[in-house]
Amino acid sequence: MNSHPSCPLQSPITTSSPLLPLSFPRRAGLSARRRESILSFIATIPRAGARGFLLFLLLLFSAIALPGCFRTSGSLPEPELTVPPVLEPARPRHETSIRTVTLGYSVQGKPLVMTVFGFGPNPIFIFGGIHGTEPTSAQLANRLVSLLRDNPQIWRNTPIAILPQANPDGLAKGTRQNINGVDCNRNFPANNWRTSRPGHRFYGGPRPLSEPETQAIVKAVQTLQPRFIVPIHSIPGGKYCNNYDGPARVLAEIMAQKNHYPVKASMGYPTPGSFGSWAGIDRNIPTITLELPREQPISRVWLANRNAILAAAQTHIGR
Ligand SMILES: [Zn+2]
């Protein structure tokens, strides 16, 4: 900081703010003659204490009555900022606890996007839409994603990961299989995988895990190490059920109390290379394959199963 010779009383003035450089305009000063007369008057005052007090009053007057002395100026170089930058306010935890993960891409290049709610080991893993002829399975999973986005209290202590569209090409085309004609739910590397005829409805692919959609789900399971898994499907003809593989009977019964679907240990037909075979039977991960009534619209399916899935999530069952 500096002072200008014409500024009243020649007092060097400083400021505590590093952002407001001061300058002292010549036009704001008193004339030399006037100044001398003031100083002479002060000198006539006999006591030093009184002179000091008068000097203080004059300083105060000049600060109030001569604002031009304190105008800011851009002519001086900006001092270096010493104020720390303003930090962004901390966001609520739930906003930063929702992540989307691209597990891979379908044969036609569509991203296979999983949304993960919350942190912590062994989340619940839910996926839908592995069969393109079962759109309500994807819709139910999508509604769950929306519900969880708006209600972080549900997953605050129970992390949940959801892949709504495991076979987006099949869903777009309306086919059970992926675009290679492979039934992804017969393409898992389960001990019971077996070769099958291309073009068949349950064609399991040229080899286990040949399809990118299947690979993405396996990757999710290996990464998440889920507590339990709910693959969502739909089935016609009144065969809807909570079908469990591995140590998941109690979870299936808890879901049944809400959706009132039968609990089944087997669908009654072989499912070589199915997800339930690979995850539930071979790997002993509790797996409840939720078979929705295919004839029912999503509005009804949602009402029946929303609380079924949440009830299972609120247990501490599973690994
Ligand atoms: Zn299915």
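Length available on full extension from GLN108 to ASP282: 0.36 nm per residue minus the Cα-Cα distance, which gives 59.6 nm. Scanning residues 5 or more positions from ILE235 or on other chains, those with amide H under 5 Å from its amide H are LEU292, ARG294, with H placed 1.01 Å from N in the peptide plane. Taking Cα centroids, how far is segment 145-185 from segment 121-141 in Å? Cα centroid of segment 145-185 versus Cα centroid of segment 121-141: 4 Å apart. Residues whose amide H falls under 5 Å from that of ASN192, counting only those 5 or more places apart or on a different chain, are GLY273, with hydrogens built in the peptide plane. Shown is the FRET efficiency for ASN192 and LYS239, computed with R0 = 30 Å from the Cβ-Cβ distance and rounded to the nearest 0.05: 0.90. Our analysis of segment 186-267 gives Rg over Rh at 1.01, with the two radii drawn from alpha carbon positions and Rh computed by the Kirkwood formula. Considering segment 96-313, its Cα convex hull presents a mean projected area of 10.7 nm². For segment 146-172, the residues whose backbone nitrogen is under 14 Å from a point 7 Å from the Cα of ILE298, taken along Cα to Cβ, are 146-147, 164-166, 171-172. Close amide H pairs (under 5 Å, H built 1.01 Å from N) link GLY104 with LEU112, residues at least 5 positions away or on another chain. Taking 28 Å as the limit for the C-alpha separation, the pairs LYS173/LYS239; LYS173/LYS219; LYS219/LYS258 exceed it in the case of LYS219/LYS258. The modelled label-to-label distance for the pair PHE119/MET267, using points 7 Å beyond Cα in the direction of Cβ, is 3.9 nm.
Among the trypsin sites (Lys or Arg not before Pro) found in segment 166-224, those both in a DSSP coil and sparsely packed, with 13 or fewer other Cβ atoms within 10 Å of their Cβ, are ARG194, ARG201.
Read the figures in this text as sums done on the coordinates, not as results from a lab. Please read all numbers here as calculations on a predicted model, not as lab measurements. Positions of Cβ are generated from backbone atoms using ideal geometry, with glycine treated the same way; all protein chains shown enter the neighbour counts.
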